[in-house]
Amino acid sequence: MLRDDKEKTRQCIAFIFDCVANNKPVYFHCSLGRDRTGTVAMLILGILGVNEGDISKEYEITQFAPYGYSVSEGEKTQMTRLSGVDYDGAAKFLWDYGKHGDGSYDEFQECVRKYLNEIGIDDAAIQAFRSAMLEDAPAE
């Protein structure tokens, strides 16, 4: 999805950003509720500055849904569970956006920002989303 379907990814993120900007609720999912859903959540949480380790836990927990639980059944459902589609592949893809020649990396949030920029989400839209989502966050 991140590599092979950038336009659809851009549309999903733009839709979410637009809903937030217009104070509308937004709900996202896919037929299995795992990989694509987890990837969109990874981008959203990543741009909000959530620790990448915490994002990975949220993503991986979706893999515990029992076989047959999904609204989508059949060979394709079983294939996706065995295809190697996982958090590591998506996270590594994003981390590569922040890799430097000396072997160091940017923070995960910066890697996600660079990816979103590449697919057509500009910094102004990212900042507006961050401000709307984080501005009234309750104190911890």
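The values are calculated or read from the model by the stated rules, or taken from the named source; none is laboratory data. The shown structure was predicted, so the numbers you read here are calculated from the model rather than taken from an experiment. All Cβ positions, even for glycine, are placed from backbone atoms using ideal geometry, and neighbour counts span all protein chains on display. Keep in mind that these areas ignore ligands, DNA and RNA; they rest on the heavy atoms of the full protein, side chains included. Shrake-Rupley method; radii C 1.70, N 1.55, O 1.52, S 1.80 Å.
Say we look at segment 33-57 and pick out the residues that are among the β-branched types (Val, Ile, Thr) and closer than 19 Å to ASP106 by Cβ; which of these is surrounded by the fewest Cβ atoms within 10 Å (Cβ to Cβ)? Among those residues, the one meeting the criterion is VAL50. Does ALA137 satisfy the criteria of being at pLDDT below 95, within 20 Å of LYS24 (Cβ to Cβ), part of a helix (DSSP H, G or I) and among the small types (Gly, Ala, Ser)? Spelling it out, it is not the case that ALA137 is at pLDDT below 95, within 20 Å of LYS24 (Cβ to Cβ), part of a helix (DSSP H, G or I) and among the small types (Gly, Ala, Ser). Considering GLU7, GLU60, GLU73, the condition of being at pLDDT below 90, open to solvent by 30 Å² or more (accessible area, probe 1.4 Å) and outside any loop (DSSP other than H, G, I, E, B) is satisfied by GLU60 alone.
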